[in-house]
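Colleague: Right, I'll just put the structure down here and ask away after.
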Amino acid sequence: MTKEFNYKLVLRIMGSLALVESVVLLFVCLIPLIYGENDAIYFLISSAISLAFAGTALFFGRNPSPTIGKREGSVIVTFTWIIFSLVGLLPFWMSGSIPSFTDAFFETISGFTTTGASILNNIEELSHGILFWRSLTHWIGGLGIIVISLAILPVFSTSGTQLFAAETTGPTKDKIHPKINETAKRLFLIYVILTTSETILLRIGGMSWFDSVCQSFATIATGGFSTKQASIAYWNSPYIQYIIILFMILSGVNFSLYYFGFKNKLQKIKENEELRYFLILLFSFSLIVTLSLIDFSKIQSFATLEQAGRNALFTVSSLLTTTGFCIVDYMNWKPLTWVILLMVMLTGASAGSTSGGIKMIRVVISAKACYHEFKRLIHPNAVMPVRYSGHLVREDILTRVLAFTLLYLVVAGFGILVLAISGMGFLESVGGMITCLGGVGPGLGLVGPAGNFHDIPEFSKWFLSLMMLAGRLELYTVFLLFTPAFWKR
């Protein structure tokens, strides 16, 4: 018989996490004050509501049993993200920046899950406080609400490992320290260093400090919310575009590799197949898209070729890392490139990064498993185990990888059908589902880079909100809650 559900520990941890959001919202109050705007009150009210929830949860979660299982971990992580989004939407909604509750929730959960799918048509009309909070939701959700809290709060004790496993991505977890809190601190430090570095480089390129910080939040979190309606195309600067390309790629790398590099464990980086295939796919797809953009019937100048290459590299980097920034409308490109870009959206970058999608490690292992199966058909008596980064892939990990990949594709197909039934067009259904499940941002058709999700049906917005959450938490954490066996004692 399964042990009784530890609701007191669930309440205690969720209350502690709500305190984090309360403090963050209180901090954001400073932005309107700095810029002489009058919407600090909305962040103050939101902070008070989060604090009230935290106090209530901590009161009813007194003296909990310290034991935590998968059920508690899944409930804590899933409902924490939902509560963060419900509280986080309040400044948008109360200030009238997003009058619709549905739209405000969609925008907020899109921020926290680092999807970057937006309903806004008036981004530049929003106040600095609202824009900063919108970008900050990316930065909080990028590394993960739980991971950041583990790094700064010593409140989770033995429950940290289960929560870390429920929130972080990938079939394997690279432990860079025996203690999970120390691992979280190191990941958080890497996160801050990358964000600070990009902010400084963008400021050198001519962005204001405010825009530099907001764009860096979105890049390092692979989110895609910009402070401009035209996204990165607004600045029309090759320097800025190349800096963002660089940091999108860096954000698509497993953060553990930076730590190994700092510790001079270069062999671990050299042996990492996921990094190798990530870079191979990135530059291969960029080259294919570049060639599709060149008109070979005309003599091309170097400037034209460079721009085609930059547009292709930026777009592929943005979609492969699931950042979602745009400098061109790829819906004006050849339909062949749409297929390539959909494949890129599905794949995603490295596990252990802030990107979404299936993840490169799963794609590589699944491809190797298929290849070995073909070889077994030719040599049925041969023993051909799947190897990854020089190590044998255990059968249980191989099964989990193949099951997740299949589930991901089934959910994507089912979601496309649901969206089509809800009234969305075919291109919009395909692009919308893949981009929201993978945490990418722009899709195809009217929800492509030149459009947004403002005019899709209300049901579709709620459904895609669920898909954003499920995709960010890698399906199982969320979908487990809908299985009867999960709740049986």
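The values are calculated or read from the model by the stated rules, or taken from the named source; none is laboratory data. As the structure is a computational prediction, the values presented were derived from the model and not from experiment. Every residue, glycine as well, gets a Cβ built from its backbone with ideal geometry; the counts of neighbours run over all protein chains shown.
Colleague: What number of residues within segment 70-86 satisfy the criterion of being crowded, with 22+ Cβ neighbours inside 10 Å, of a type in the set (A, V, I, L, M, F, W, C) and closer than 20 Å to Gly116 by Cα?
Modeller: The qualifying residues number 2.
Colleague: How many of the residues making up segment 370-385 are closer than 18 Å to Thr399 by Cα and either more than 39 Å from the chain's Cα centre (by Cα) or assigned to a loop (DSSP other than H, G, I, E, B) (or both)?
Modeller: Going through segment 370-385 one residue at a time, the tally reaches 3.
Colleague: Looking at Ser226, Ser216, Ser208, Ser197 in this structure, which one is closer than 18 Å to Trp133 by Cβ and surrounded by fewer than 23 Cβ atoms within 10 Å (Cβ to Cβ)?
Modeller: Working: Ser226 fails: surrounded by fewer than 23 Cβ atoms within 10 Å (Cβ to Cβ); Ser216 fails: surrounded by fewer than 23 Cβ atoms within 10 Å (Cβ to Cβ); Ser197 fails: closer than 18 Å to Trp133 by Cβ.
The conditions single out Ser208.
Colleague: List every residue pair whose Cβ atoms lie under 8 Å apart, where the two residues are 6 or more positions apart in sequence or sit on different chains, the first residue falls within segment 261-283 and is more than 18 Å from Val364 (Cα to Cα), and the second residue, located anywhere, is surrounded by 14 or more Cβ atoms within 10 Å (Cβ to Cβ).
Modeller: Gly261/Ile269; Leu266/Phe260
Colleague: What is the residue count in segment 99-111 for residues that are of a type outside the set (Ser, Thr, Tyr) and either surrounded by 24 or more Cβ atoms within 10 Å (Cβ to Cβ) or touching a Pro at 6+ places or on another chain (Cβ under 7 Å) (or both)?
Modeller: First, pick out the residues of segment 99-111 that are of a type outside the set (Ser, Thr, Tyr): 99, 101, 103-107, 109, 111.
Checking the rest, the ones that are also either surrounded by 24 or more Cβ atoms within 10 Å (Cβ to Cβ) or touching a Pro at 6+ places or on another chain (Cβ under 7 Å) (or both) come to 106-107, 109, 111.
Of the residues in segment 99-111, 4 are of a type outside the set (Ser, Thr, Tyr) and either surrounded by 24 or more Cβ atoms within 10 Å (Cβ to Cβ) or touching a Pro at 6+ places or on another chain (Cβ under 7 Å) (or both).
Colleague: If I filter segment 448-466 for residues that are surrounded by fewer than 16 Cβ atoms within 10 Å (Cβ to Cβ) and charged (D, E, K, R), do I get at least one hit?
Modeller: yes
Colleague: For a quick check of your reading of the model, give me the residue pairs whose first member lies in segment 394-406 and is assigned to a helix (DSSP H, G or I), whose second is surrounded by 15 or more Cβ atoms within 10 Å (Cβ to Cβ) and of a type in the set (Gly, Ala, Ser), with beta-carbon atoms closer than 8 Å and at least 6 apart or on different chains.
Modeller: The qualifying pairs are Leu398/Ala369; Val401/Ser366; Val401/Ala369; Leu402/Ser366; Leu402/Ala369; Thr405/Ser366.
Colleague: Condition check: among the aliphatic types (A, V, I, L, M) and in contact with a Phe, Trp or Tyr (Cβ under 9 Å, 6 or more places away or on another chain). Does Ala382 satisfy that? It would help to see each step written out before you state the result.
Modeller: Numbers: among the aliphatic types (A, V, I, L, M): yes; in contact with a Phe, Trp or Tyr (Cβ under 9 Å, 6 or more places away or on another chain): no.
Here the answer is no, as Ala382 does not meet what is asked.
Colleague: Could you check how many residues of segment 205-241 are under 25 Å from Thr113 (Cα atoms), out of contact with any Gly (no Cβ under 6 Å at 6 or more places or on another chain), not in a loop (DSSP other than H, G, I, E, B) and not aromatic (Phe, Trp, Tyr)?
Modeller: So the answer is 12.
Colleague: Can you pull out every residue in segment 13-45 that is of a type in the set (S, T, N, Q) and free of Cβ contacts under 8 Å to residues at least 24 places away in the same chain?
Modeller: If the condition is that a residue be of a type in the set (S, T, N, Q) and free of Cβ contacts under 8 Å to residues at least 24 places away in the same chain, then Asn38 is the only one that fits.
Colleague: Within the bounds of segment 267-286, is there any residue that is under 22 Å from Val440 (Cα atoms) and more than 22 Å from the chain's Cα centre (by Cα)?
Modeller: Scanning segment 267-286, I find at least one residue that is under 22 Å from Val440 (Cα atoms) and more than 22 Å from the chain's Cα centre (by Cα), so the answer is yes.
Colleague: Let me ask another. Mind listing whichever residues of segment 33-50 are surrounded by fewer than 22 Cβ atoms within 10 Å (Cβ to Cβ) and part of a helix (DSSP H, G or I)?
Modeller: Listed by number, the residues that qualify are Leu33, Ile34, Ala40, Ile41, Leu44, Ile45, Ala48, Ile49.
Colleague: For segment 467-489, which residues satisfy the criterion of being surrounded by fewer than 24 Cβ atoms within 10 Å (Cβ to Cβ), of a type in the set (A, V, I, L, M) and without any contact (Cβ under 8 Å) to a residue 60 or more places away in the chain?
Modeller: Selection gives Ala470, Ala485.
Colleague: Of (1) within 27 Å of the chain's Cα centre (by Cα); (2) closer than 26 Å to Ile340 by Cα, Asp396 satisfies all except one. Which?
Modeller: (2)
Colleague: For segment 253-317, which fully contained helices (runs of 4 or more DSSP H) count at least 2 residues that are surrounded by 17 or more Cβ atoms within 10 Å (Cβ to Cβ)? Give the derivation first.
Modeller: Values: elements: 255-262, 266-270, 273-293.
Those helices (runs of 4 or more DSSP H) span 255-262, 273-293.
Colleague: Given segment 106-204, what helices (runs of 4 or more DSSP H) lie entirely inside it while holding 1 or more residues that are over 26 Å from Pro32 (Cα atoms) and either at pLDDT 95 or above or small (Gly, Ala, Ser) (or both)?
Modeller: Working: elements: 128-143, 145-152, 160-167, 180-204.
In segment 106-204, 145-152, 160-167, 180-204 are the helices (runs of 4 or more DSSP H) which contain 1 or more residues that are over 26 Å from Pro32 (Cα atoms) and either at pLDDT 95 or above or small (Gly, Ala, Ser) (or both).
Colleague: Could you check Thr80 against (1) over 22 Å from the mean Cα position of the chain (by Cα); (2) within 20 Å of Arg134 (Cα to Cα) and say which number it fails?
Modeller: Only one criterion is unmet by Thr80, namely (1).
Colleague: Another question, then. Within segment 231-283, can you find the residues that are touching a Cys at 6+ places or on another chain (Cβ under 8 Å) and on the phi < 0 side of the Ramachandran plot? Explain how you work it out, then say what you get.
Modeller: Within segment 231-283, the subset touching a Cys at 6+ places or on another chain (Cβ under 8 Å) is 231-233.
Result: Ile232, Ala233.
Colleague: Please work out which residue is farthest from the chain's Cα centre (by Cα), limiting yourself to segment 86-119 and to residues that are farther than 18 Å from Gly438 by Cα and of a type in the set (Ser, Thr, Tyr).
Modeller: The extreme case among them is Ser95.
Colleague: Follow-up question, since we're still on this one. Condition first: modelled with pLDDT of 95 or more and of a type in the set (Lys, Arg). Now tell me which residues in segment 461-483 satisfy that.
Modeller: Listed by number, the list holds a single entry, Lys461.
Residue-wise test of (1) closer than 22 Å to Ser465 by Cα; (2) of a type in the set (A, V, I, L, M).
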site: Ser355; (1), (2): yes, no
site: Met360; (1), (2): no, yes
site: Ala369; (1), (2): no, yes
site: Glu373; (1), (2): no, no
site: Asn381; (1), (2): no, no
site: Val411; (1), (2): yes, yes
site: Ile416; (1), (2): yes, yes
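Colleague: Now, a different point. Can Phe59 be described as at pLDDT 95 or above and either buried (at least 17 other Cβ atoms within 10 Å of the Cβ) or over 19 Å from the mean Cα position of the chain (by Cα) (or both)? If you could, list the steps in order and put the result at the bottom.
Modeller: Details: at pLDDT 95 or above: no; either buried (at least 17 other Cβ atoms within 10 Å of the Cβ) or over 19 Å from the mean Cα position of the chain (by Cα) (or both): yes.
Considered against the rule, which asks whether it is at pLDDT 95 or above and either buried (at least 17 other Cβ atoms within 10 Å of the Cβ) or over 19 Å from the mean Cα position of the chain (by Cα) (or both), Phe59 comes out as no.
A quick yes/no check of all residues on (1) of a type outside the set (Ser, Thr, Tyr); (2) over 22 Å from His138 (Cα atoms):
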residue	(1), (2)
Ala420	yes, yes
Met424	yes, yes
Pro449	yes, no
Asn452	yes, no
Phe463	yes, no
Leu475	yes, no
Thr483	no, yes
Trp487	yes, yes
